[in-house]
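Chemist: Starting off with a structure, shown below.
No value in this document is a laboratory result; all are computed from the given coordinates. This one's a predicted model, so the numbers in the text were calculated from it and none came from an experiment. All Cβ positions, even for glycine, are placed from backbone atoms using ideal geometry, and neighbour counts span all protein chains on display.
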Amino acid sequence: MGIEIKRVGIIGAGQMGSGIAQVCAAAGLDVFINDRDPARLANGIDSIEKGYARLVSKGAMEETDSRSARERITSIDTFAGLAPCDLVIEAATENEATKRDIFTSLCPVLGPDTMVATNTSSISITRLAAATDRPERFIGIHFMNPVPVMQLVELIRGIATEDQTYESAKGFIGKLGKTATMSEDFPAFIVNRILLPMINEAIYTLYEGVGSVESIDTAMKLGANHPMGPLQLADFIGLDTCLSVMQVLYEGLADSKYRPCPLLVKYVEAGWLGRKTKRGFYDYRGVNPVPTR
């Protein structure tokens with residue numbers, strides 16, 4: 001049997017971290033959220049409040065429940081504020097060195113029984129666990145984006161992850177009202193192992209001149225019944241994240257079919273990362289998005 005998780009710490013107040021905080025507090029858990037950038041932390045809290053307001057306006061959440069959930073969220077400046085947590089989830093940028101540095105600094109301030117998780121979408125759980133003092137209490141908990149909307153959560157065990165840790169994580173996901181699926185610790189796990197190569201192939205299709213941005217996205221929306229086109233989806237995910245996942249696949253599986261498209265690399269080098277920078281495969285600076293190619 002796993003332990004019951006009542007207090008959750010979250011490191012990183014970006015789109016993923018704030019989304020995780022929002023659903024955890026709405027489920028009745030106490031949440032402590034940290035980010036090294038005070039402005040990003042403030043923006044994350046603002047995003048959470050707007051998320052609750054949208055739910056209230058749609059009738060999906062009572063105003064009193066919204067206020068109660070917000071009161072369960074505490075912003076903290078240092079990792080020391082995460083000490084009371086039963087579970088701490090790292091939701092920082094998709095960079096292995098950054099994540100390892102976080103775990104090295106985090107673990108000394110935690111109690112010996114605190115579980116640690118990463119929201120990585122592609123990096124080896126076993127390698128990240130090795131940067132901690134508790135690999136047996138370390139697990140991958142990969143939420144889908146946007147967290148408040150998406151039902152699925154991937155659970156990934158490292159080689160040392162104990163059964164109790166897995167059962168605790170599974171119970172935690174159930175408390176959030178989401179569905180957990182188990183993935184083995186292979187590069188990019190299940191969803192991104194399938195999804196990102198499709199996006200990368202769509203970028204190759206654009207790169208090779210097979211179709212324009214609009215024609216590629218229209219073809220996949222109407223021809224494959226996808227809710228959004230692959231290039232639009234890439235902008236939503238973030239082109240830097242797409243590139244990071246493809247690099248993990250390419251290096252981890254040593255197969256040329258996972259080679260990141262040169263056009264994807266060029267966009268990232270230009271700082272055109274999608275919606276978060278207002279430019280990617282679409283330009284979002286006007287009233288309506290306009291293709292950039």
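Chemist: Which entries in the list 99/278; 6/178; 50/266 go over 22 Å, if you measure between the two C-alpha atoms of each?
Modeler: Cα-Cα > 22 Å for 99/278; 50/266; rest within.
Chemist: Continuing with the same structure: Over the Cα atoms of the chain, what radius of gyration and what Dmax do you get, in Å?
Modeler: Final numbers for Rg and Dmax: 19.2, 56 Å.
Chemist: Next question, about the same structure. Evaluate E = 1/(1 + (r/R0)^6) for residue 226 and residue 83, where r is the Cβ-Cβ distance and R0 equals 45 Å; express this FRET efficiency to the nearest 0.05.
Modeler: That gives a FRET efficiency of 0.55.
Chemist: Which FRET efficiency value, to the nearest 0.05, is calculated for residue 266 and residue 191 with the Förster distance at 45 angstrom and r the Cβ-Cβ distance?
Modeler: 0.95
Chemist: Could you please state, rounded to a whole Å, how far the C-alpha centre of region 1-50 is from the C-alpha centre of region 58-104?
Modeler: What the calculation gives is 3 Å, centre to centre.
Chemist: First check a/c for region 38-99, with a ≥ b ≥ c the square roots of the eigenvalues of its C-alpha gyration tensor; if it is under 1.5, answer rounded, and if not, answer prolate when a/b is larger than b/c or oblate otherwise.
Modeler: Because a/c hits 1.5 or more and a/b exceeds b/c, region 38-99 counts as prolate.
Chemist: Something else about it: Within the chain, what percent of beta bridges assigned by DSSP are antiparallel, to the nearest 5?
Modeler: 25 percent
Chemist: Here is a follow-up. Tell me whether region 161-293 comes out rounded, prolate or oblate; compute the Cα gyration tensor, take square roots of the eigenvalues as a ≥ b ≥ c, and use a/c under 1.5 as the rounded threshold.
Modeler: It is prolate, given that a/c is not under 1.5 and a/b is the larger ratio.
Chemist: For the pair residue 64 and residue 204, how long in nm is the line joining their label points, each one 7 Å along Cα→Cβ?
Modeler: Using points 7 Å along Cα→Cβ, the separation is 5.7 nm.
Chemist: For helix 239-253, report the angle its Cα long axis makes with the longest principal axis of the Cα atoms of the chain; keep it between 0 and 90° and round to the nearest 10°.
Modeler: For helix 239-253, the angle is close to 80 degrees.
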